[in-house]
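The values are calculated or read from the model by the stated rules, or taken from the named source; none is laboratory data. None of the values given here were measured: they were computed from a predicted structure. No Cβ is skipped: glycine too gets one built from the backbone with ideal geometry, and neighbour counts run over all protein chains shown. Side chains are part of the model used for accessible areas, which takes the heavy atoms of the whole protein and leaves out ligands, DNA and RNA. Shrake-Rupley method; radii C 1.70, N 1.55, O 1.52, S 1.80 Å.
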Amino acid sequence: MAYQLYYWTGIQGRGEFVRLALEDAGADYVDVARVDGDDAMQPFLDGARGGARPFAPPFLVSGALVIAQVAAILHVLGPKLDLVPEGEAARLQALQLQLTIADLVTEIHDSHHPIASAEYYADQKDAAKRRAADLRTHRLPKFLGYFEQVVAQGDGRALGAHSYVDLSLFQIVRGLDYAYPEAMAALSPKLPQLRELEARVAERPNIAAYLASERRLAFNTNGIFRHYPELDGGIAAYD
Ligand SMILES: N[C@@H](CCC(=O)N[C@@H](CS)C(=O)NCC(=O)O)C(=O)O
């Protein structure tokens, strides 16, 4: 296999942004933990294997290279999988957009775990309600409004041509539809470009096949995007 992806079993999580790129390109890869179990990641996390030591999954192994951080992984894969337009400016623009997506992913995660990642949701529910209300009312309109404009400027694509950034924006929209359906219903009329992008990505043959396969796990309440009805609601600023 050309690529070995390492990520937790049982959830889409941050690994899904890498998986979507590998699947869209029809790349030769193995999802190692799904074959060998989560323990397969430990030697890398312990620094017992060669290459750069990852702090956390996902990480990708390609020959002697070990690459962690979703945005860095996609920065490396983009040109190899033909998932970024040519040229330094386009590659940097893609990286910058992907890092902004990473910021958004962290804020989405923190909306259900605002106090401590290692503590139960039930023990931080009150704080989560406040944080989720802020996410819905201020942060999602700001982030998604920004990406809407970026996609509009690119004639329906973040970079003016298909790229890994479009695949990640697809995942953001699908994840938020699962986690915050009421908020997304309120926001969607303001996001026609992102909705068109979502539909176009879903129809790409390799993505459609992937979404219909067993490799695409369902969203669940262990991942980044979690649906807790008490955290969902309207977008006050748009009401
Ligand atoms: N910025 C990193 C975040 C990596 C990350 O937070 N991974 C999570 C799973 S989605 C993890 O295993 N974290 C362990 C920890 O933070 O202790 C990326 O985008 O790859």
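Highest mobility in the GNM of the chain, judged by mean-square fluctuation with C-alpha springs under 10 Å and restricted to Ala218, Ala48, Ala56, is found for Ala48. Only Cα pairs under 8 Å and 6+ residues apart enter the sum, and on that basis the relative contact order of the chain stands at 21 percent. Measuring nothing but protein heavy atoms, the accessible surface of region 138-239 at 1.4 Å probe radius is 50 percent carbon and sulfur.
When shorter helices are ignored and each DSSP H run of at least 4 residues is given -39500 (n - 2.57), the per-residue value for the chain at 222 nm works out to -15500 deg cm²/dmol. In order along region 201-208, the phi-based Karplus estimate (6.51 cos²θ - 1.76 cosθ + 1.60, θ = phi - 60°) of 3J(HN,Hα) comes to 5, 4, 8, 4, x, 5, 6, 4 Hz; Gly and Pro are listed as x.
Hey, can you find the accessible area per residue of region 88-204 for me, probe 1.4 Å, expressed in square angstrom? Can you show the working numbers first?
Numbers: 5340 Å² over 117 residues.
Here the residues of region 88-204 average 46 Å² of exposed surface.
Positive end of the dipole of the chain (Cβ unit charges, origin at the Cα centre): among Val18, Leu135, Tyr180, the Cα lying farthest that way belongs to Leu135. For region 3-80, the mean projected area of the C-alpha convex hull, equal to one quarter of the hull surface, is 4.7 nm².
Using θ = phi - 60° in the Karplus curve 6.51 cos²θ - 1.76 cosθ + 1.60, the 3J(HN,Hα) couplings for region 3-19 round to 10, 10, 9, 10, 7, 3, 6, x, 9, 6, x, 6, x, 5, 5, 6, 4 Hz; x is entered for Gly and Pro. The lysines within cross-link reach of Lys142, meaning a Cα-to-Cα straight distance under 23 Å and a gap of 8 or more places when in the same chain, are Lys129, Lys190. Close amide-amide hydrogen proximity is noted between Val66 and Ala52, each under 5 Å apart and 5 or more residues distant or on a separate chain (H modeled in the peptide plane; Pro and chain starts excluded).
Over the C-alpha trace of the chain, radius of gyration and Dmax come out as 17.7, 54 angstrom.
Take region 3-80 with all the other protein chains still there, run a 1.4 Å probe, and you get 42 Å² of accessible area per residue. Along each principal axis, taking the top coordinate minus the bottom one, the Cα set of region 88-204 gives 44, 31, 24 Å in descending order. Within the listed set Asp155, Asp110, Asp31, the Gaussian network model of the chain (springs between alpha-carbon atoms below 10 Å) gives the highest mean-square fluctuation for Asp155. The slack between Ala127 and Lys190, meaning 0.36 nm per residue of separation minus the straight C-alpha distance, is 19.9 nm. Apolar share of the accessible surface for region 3-80: 51 percent from carbon plus sulfur atoms, 1.4 Å probe.
Loop sites here are GluC sites (Glu not before Pro) outside DSSP states H, G, I, E and B with no more than 13 other Cβ atoms within 10 Å. The longest part of the chain free of them is 120-213.
Of Leu140, Leu45, Leu97, which has the largest mean-square fluctuation in a 10 Å C-alpha GNM of the chain? Taking springs between Cα atoms under 10 Å, the residue moving most is Leu45. Compute the separation of the alpha-carbon centres of region 23-101 and region 129-168 and state it in Å as a whole number. Computed from Cα coordinates, the inter-centre distance equals 22 Å.
With R₀ fixed at 35 Å, the C-beta to C-beta distance from Arg215 to Tyr146 puts the FRET efficiency at about 0.70. 3J(HN,Hα) along region 118-127, derived from phi through the Karplus expression 6.51 cos²θ - 1.76 cosθ + 1.60 where θ = phi - 60°, amounts to 7, 9, 5, 3, 4, 8, 9, 5, 5, 5 Hz, with x in place of Gly and Pro.
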